[in-house]
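**Q** Attaching a single structure in structure tokens format; questions to follow.
What follows is calculated from the coordinates using simple rules that are stated; it is not laboratory data. What you see is a predicted model; the values in this text were computed from it and never measured. Every residue, glycine among them, receives a Cβ derived from its backbone with ideal geometry; neighbour counts consider all protein chains shown.
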Amino acid sequence: MKISKQQWKLNQVAKLGSALILVMAAGPSFAAETPVQGGTLNVALGSDTPIIDPSITGQSVTALIDRNVVDSLVGQAEDNRFTPWLASSWEVNENHTDYVFHLRKDVTFSDGTKLNADAVKYNLERILDPKTTSSYSKSLLGPIKTITTPDEYTVAIHYDTPFAPLLQGLSLPYLGIQSPTYLKNTPNTTNTVVGSGPFILKSFVKGSGSQLTRRADYQWGPGYAAHTGPAYLEAINFKYLPESSVRLGALTSGQIQAIDAVPPVNAKTVKTNLALDVKTKENPGIVRVLYLNTSKGPFTDLKVRQAFLTAVDPTSAVKVAFFGTVKAANNVLGPQTQYYDPTVAKLWGFDLSKAEKLLDEAGWTSKDAAGIRTKDGKPLTVDFVYDPTTLESSDVTLFQAIQFQVKKAGIDLKLDPVDSGGFTDRTNNNQYDVVSNFYVRAEPDILRTVFHSNYTPPKGSNYSHISALDAKLSEAVGAPDAKRKQLYSDIQHQIISQAYVVPLYVPAYQLGISKKVHGVSWATNAKPNFYDAWLSH
């Protein structure tokens with residue numbers, strides 16, 4: 001069919017217009033794939049850390065902040081493979097007693113100190129020194145026999161007994177390498193840290209937050225990162241905003257580009273906001289539990305512990321407190337943890353009549369006017385000590401729901417909020433019946449950190465005060481895979497059957513984030529990584 005010259009011209013214009021529309025449509029999408037340099041990422045946190053030095057705290061918030069400031073010997077990707085970082089390579093002998101790390105030769109700390117074998121050795125020996133009070137970091141290193149430096153850029157770690165979890169521990173911020181020059185000249189490191197990371201800690205103020213600035217000469221990111229060289233972001237500001245409504249308001253108004261602990265009641269609303277998103281990462285490790293103190297008070301009696309365990313209905317309490325944003329726990333370990341055993345769930349469950357029967361058998365047969373059980377004239381009261389600044393508001397709601405539940409069985413659960421110093425004093429001096437926390441680690445050796453007698457307060461976090469698991473926990477760290485799996489299964493079963501803890505929910509990092517933020521990845525401790533992150537305009 002013939003067409004006129006005028007019609008041909010009109011057709012060409014139409015084609016050109018269509019092409020322009022396609023280019024315009026593709027343009028922003030293509031641009032969005034190209035990282036933008038600069039900008040400040042403002043992140044609001046719902047919980048605070050009293051200490052910023054990662055070597056002397058197990059606080060999860062500290063790890064989130066310090067991951068940007070300190071580098072690790074090895075990296076661990078989201079798929080759990082280990083990658084080079086400060087160590088370009090390493091060798092491990094067959095029975096996991098000898099580890100040799102070969103360091104990069106181009107790394108410096110932000111104060112100009114050079115990274116070498118002596119710097120790594122100093123960091124590790126500082127953590128092992130009891131004077132440093134590095135209970136969590138020290139547990140990650142295990143029973144090191146010697147640390148040697150065969151040459152300037154080689155570090156060798158030797159154990160007398162096999163220790164398989166070392167690489168995973170070394171990948172965490174808690175074993176991040178700090179400047180030895182800084183450490184030697186700083187008597188109090190609770191509010192400062194100097195590392196070799198992509199950001200420099202400009203300031204940290206307890207109860208306020210942290211300011212980080214980009215390090216322009218950074219060239220040694222982890223092997224799992226999406227880019228090399230300096231971070232894209234010019235700065236990161238972590239702001240402590242404990243009120244969930246304030247955090248959410250700051251995100252929706254654009255003052256803040258990311259928040260943790262999205263208020264459960266608002267999670268669906270945030271997801272439907274076209275400018276925002278919610279990214280969720282379920283934690284591995286110890287779930288949110290209540291530790292029952294077996295060394296004093298009513299919980300020295302197994303039947304009373306078992307009664308408390310079965311009087312708690314985590315499913316309904318978690319639903320009330322978290323509006324379906326997290327899962328009720330069915331084990332002491334979360335499902336994302338290596339060697340998690342799902343069969344443990346069959347050992348326990350909410351059963352009020354069983355709880356009442358167990359308390360009768362334990363001799364708590366009488367009740368006072370308030371319905372609280374009594375024995376020898378004393379009420380069945382247990383003291384739950386916690387620090388509200390390390391919790392989300394939903395956690396307190398959860399504790400109140402549990403308080404109501406166990407009262408139906410005749411147990412008086414006293415909620416006893418204290419400040420961080422008070423919490424440390426009370427736990428160190430064994431003045432509590434119940435405390436609560438969770439620990440994030442993909443390696444099941446986290447059980448040793450929390451349940452071995454070597455880590456009973458004030459030496460660590462064995463808040464249940466037990467020693468019955470010591471032999472199995474010690475054997476598991478160096479056993480072959482099949483044996484490790486069996487040992488950790490046995491340990492999980494024993495923790496629940498002996499009611500050392502009450503599992504509540506599987507923590508999940510709920511990151512509310514502006515869609516202008518790109519490139520955020522996840523660490524294996526379920527924390528967002530910001531090294532590859534960037535902001536679009």
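**Q** Under a crude label model (7 Å from the Cα following the beta-carbon direction), how far is L415 from D217 in nanometres?
**A** Placing both labels 7 Å along Cα→Cβ, they lie 5.2 nm apart.
**Q** Tell me, what ³J(HN,Hα) does each residue in segment 479-484 have, in order and in whole Hz, if you take phi through Karplus 6.51 cos²θ - 1.76 cosθ + 1.60 with θ = phi - 60° and put x for Gly and Pro?
**A** Calculated HN-Hα couplings, in order: 6, x, 3, 4, 5, 4 Hz.
**Q** Highest mean first, what order results for 518-530, 141-153 on Cβ atoms within 10 Å?
**A** Working: 518-530: 20.2, 141-153: 14.7.
Listed from highest to lowest mean packing, they are 518-530, 141-153.
**Q** Run the numbers for T149 and S253: contour at 0.36 nm per residue of separation, minus the present Cα-Cα distance, in nm.
**A** Stretched out fully, the T149 to S253 stretch lengthens by 32.1 nm.
**Q** Under the rule of -39500 (n - 2.57) per DSSP H run of 4 or more residues, summed and divided by the residues of the chain, what mean residue ellipticity at 222 nm is obtained, to the nearest 500 deg cm²/dmol? Kindly include the intermediate steps, with their values, before the conclusion.
**A** Values: 16 runs with 163 residues, N = 537.
Per the formula, -9000 deg cm²/dmol.
**Q** Right, next: Which value, in debye to the nearest 20, gives the size of the charge dipole of the chain about its Cα centre, when Lys and Arg are +1 and Asp and Glu are -1 at the Cβ?
**A** For this selection, approximately 1660 debye.
**Q** Normalised by the residues of the chain, what does the relative contact order come to in percent, with Cα pairs under 8 Å and at least six apart? Don't skip to the answer; put the middle values down first.
**A** Numbers: 1153 pairs, mean separation 106.8, N = 537.
RCO, the chain: 20 percent.
**Q** What full-extension length gain, to one decimal in nm, is calculated for K206 and D160 as 0.36 nm per residue of separation minus the Cα-Cα distance?
**A** 12.5 nm
**Q** Roughly how many debye, to the nearest 20, is the charge dipole of segment 286-506 about its Cα centre, given +1 on each Lys and Arg Cβ, -1 on each Asp and Glu Cβ, and no other charges?
**A** Using only the charged Cβ atoms, the result is roughly 380 debye.
**Q** Near the amide H of G478, under 5 Å away, which other amide H atoms are found, from residues 5 or more places off or on another chain, if H is placed in the peptide plane?
**A** Correct list: A164.
**Q** Another question, if that's okay. Among 504-513, 236-245, what's the highest-first ranking by average C-beta atoms within 10 angstrom per residue?
**A** 504-513, 236-245
**Q** How large is ³J(HN,Hα) for each residue in segment 401-418, as worked out from phi by the Karplus curve 6.51 cos²θ - 1.76 cosθ + 1.60 (θ = phi - 60°), to whole Hz, x for Gly and Pro?
**A** So the Karplus estimates, Gly and Pro as x, are 5, 5, 4, 5, 5, 6, 5, 5, 8, x, 9, 9, 8, 8, 7, 10, x, 9 Hz.
**Q** A further question on this structure: Full-extension gain between E243 and T34, please, as 0.36 nm times their residue separation minus the C-alpha to C-alpha distance. Present the calculation step by step, with values, prior to reporting the outcome.
**A** Details: separation 209, 0.36 × 209 = 75.24 nm, distance 3.53 nm.
My answer for the length gained is 71.7 nm.
**Q** Over 20 Å, how big is the tail of the calculated P(r) for segment 208-347, in percent of all Cα pairs?
**A** Summing the P(r) of segment 208-347 above 20 Å gives 68 percent of all pairs.
**Q** Amide H neighbours of R288 under 5 Å, counting only residues 5+ apart in sequence or on other chains, H built in-plane at 1.01 Å?
**A** Under 5 Å from the amide H of R288 lie the amide H atoms of L504, Y505, each far enough along the sequence or on another chain.
**Q** Spin-label point model (7 Å from Cα, Cβ direction): what's the S467 to E78 distance in nm?
**A** In this crude spin-label approximation the distance works out to 4.5 nm.
**Q** While we're looking at this one, here's another question. Dipole of segment 181-311, Cα-centred, from +1 at each Lys and Arg C-beta and -1 at each Asp and Glu C-beta, to the nearest 20 debye? Write out the running numbers ahead of the final one.
**A** Numbers: 15 positive and 7 negative charges, 57 e Å.
For segment 181-311, the charge dipole is close to 280 debye.
**Q** Based on the mean of other Cβ atoms within 10 Å per residue, sort peptides 287-298, 58-69 so the most packed one is first.
**A** With the highest mean Cβ count within 10 Å placed first, the list reads 58-69, 287-298.
**Q** Amide H to amide H, which residues 5 or more places from D71 or on other chains are under 5 Å from it, using H placed in the peptide plane?
**A** I177, S196, G197
**Q** Tell me, what is a quarter of the convex hull surface for the C-alpha atoms of the chain, in nm² with one decimal?
**A** Averaging across all directions leaves 32.0 nm² for the Cα convex hull.
**Q** How much of the DSSP bridge set in the chain is antiparallel, in percent, rounded to the nearest 5? Could you put the intermediate results ahead of the total?
**A** Working: 61 of 76 bridges.
Bridges in the chain that DSSP calls antiparallel: roughly 80 percent.
**Q** Could you tell me which of Q494, A471, A533 has its Cα farthest along the dipole of segment 427-537 towards the positive end, charges placed at Cβ (Lys, Arg +1; Asp, Glu -1), taken about the Cα centre?
**A** After comparing all options, I get A533.
**Q** Shifting gears a bit: Quick one: what are the phi-derived ³J(HN,Hα) couplings along segment 504-519, Karplus 6.51/-1.76/1.60 with θ = phi - 60°, whole Hz, x for glycine and proline?
**A** 10, 8, 8, x, 9, 6, 9, 9, x, 9, 5, 6, 7, 9, 10, x
**Q** With the dipole of the chain worked out from charges on the C-beta (+1 for Lys and Arg, -1 for Asp and Glu) around the Cα centre, which of L201, V332, A267 lies farthest toward the positive end?
**A** Sorting the options by dipole projection puts first A267.
**Q** How about K485: which lysines have a C-alpha closer than 18 Å to its C-alpha, ignoring those fewer than 8 places off in the same chain?
**A** K472
**Q** Could you work out the relative contact order of segment 286-506? I mean the mean sequence separation of Cα pairs under 8 Å and 6+ apart, divided by the number of residues, in percent.
**A** Working: 410 pairs, mean separation 77.9, N = 221.
That works out to 35 percent.
**Q** Taking the Cβ-Cβ separation of K375 and F404 as r and a Förster radius of 35 Å, what is the calculated FRET efficiency to the nearest 0.05?
**A** 0.95
**Q** Still on this model: Along the Cα→Cβ direction, 7 angstrom out, place labels at S453 and T272. What is the inter-label distance in nm?
**A** Taking the two extended label points, one gets 5.7 nm.
**Q** Just want the answer: with Cβ charges of +1 for Lys and Arg and -1 for Asp and Glu, which residue in F438, S179, S393 is farthest toward the dipole's positive end in the chain?
**A** The Cα lying farthest towards the positive end belongs to S393.
**Q** Also, I was wondering about something else. Hey, with R₀ at 56 Å, roughly what FRET efficiency would S88 and F350 work out to, going by the Cβ-Cβ distance, to 0.05?
**A** Approximately 0.60, to the nearest 0.05.
**Q** If r is the Cβ-Cβ distance from K485 to S295 and R0 is 41 Å, what FRET efficiency results, to the nearest 0.05?
**A** Values: r = 30 Å, r/R0 = 0.74.
E(calc), rounded to 0.05, equals 0.85.
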